[in-house]
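Okay, so here's the structure we're looking at.
The values are calculated or read from the model by the stated rules, or taken from the named source; none is laboratory data. Not measured: the values here are computed from a predicted model. Cβ: placed from backbone, ideal geometry, glycine included. Neighbour counts: every protein chain shown. Just so you know, the surface numbers come from the protein's heavy atoms only, side chains and all, with ligands and any DNA or RNA stripped out. Shrake-Rupley method; radii C 1.70, N 1.55, O 1.52, S 1.80 Å.
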Amino acid sequence: PRPVSPQVGSHRDISLESLALFRLLEPQIEILVLGTGDRVERLHPTMLKRMRECGIAVEVQDTPNACATFNFLTSEKRVAAAGLIPP
């Protein structure tokens, strides 16, 4: 059976496990933009470090700004992905 990704309802649910999909994408993404809802929420530094070790930069913003950042990055032809929690 295929593992099921955990559901992410708030920034507290963001984990290495919930970000696993982003590490599997081909071509590999350069940057992951995470939108944490109405405001910027602090994520665990170890998780961010592990993503960097996989070659993926992580930018954490409130969701409206994360959407704008993602659109800008893709307009610049950057290989980016976004994980967005609705505000």
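From the list Val33, Val60, Val40, which residue is under 13 Å from Val79 (Cα atoms) and surrounded by 11 or more Cβ atoms within 10 Å (Cβ to Cβ)?
After ruling out the rest, the residue left standing is Val33.
Tally the residues that are closer than 21 Å to Arg78 by Cβ and surrounded by 13 or more Cβ atoms within 10 Å (Cβ to Cβ), restricting the search to the range 10-27.
3
Every residue in the range 49-84 that is under 10 Å from the mean Cα position of the chain (by Cα) and of a type in the set (A, V, I, L, M), please.
Result: Met51, Ile56, Ala57, Val58, Val60, Ala66, Ala80, Ala81, Ala82, Leu84.
Collect the residues in the range 48-57 that are surrounded by 17 or more Cβ atoms within 10 Å (Cβ to Cβ) and part of a strand (DSSP E or B), keeping them in residue-number order.
Hits for the range 48-57: nothing passes.
So which residues in the range 15-39 are over 14 Å from Ala81 (Cβ atoms), outside any strand (DSSP E or B) and in contact (Cβ under 8 Å) with a residue 24 or more places away in the chain, if there are any at all?
Ser15, Leu16, Gly37, Asp38, listed by residue number.
Per-residue answers, yes or no, for (1) acidic (Asp, Glu); (2) in contact with a helix residue (DSSP H, G or I) (Cβ under 6 Å, 6 or more places away or on another chain); (3) within 16 Å of Asp13 (Cβ to Cβ):
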{"site": "Glu41", "(1), (2), (3)": "yes, yes, yes"}
{"site": "Met47", "(1), (2), (3)": "no, no, yes"}
{"site": "Glu53", "(1), (2), (3)": "yes, no, no"}
{"site": "Ile56", "(1), (2), (3)": "no, no, no"}
{"site": "Val60", "(1), (2), (3)": "no, no, yes"}
{"site": "Ala68", "(1), (2), (3)": "no, no, no"}
{"site": "Phe72", "(1), (2), (3)": "no, no, no"}
{"site": "Lys77", "(1), (2), (3)": "no, no, no"}
{"site": "Pro86", "(1), (2), (3)": "no, no, yes"}
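Test Phe70 against the stated conditions and say whether it is without any contact (Cβ under 8 Å) to a residue 60 or more places away in the chain, of a type outside the set (Val, Ile, Thr), open to solvent by less than 90 Å² (accessible area, probe 1.4 Å) and assigned to a helix (DSSP H, G or I).
yes
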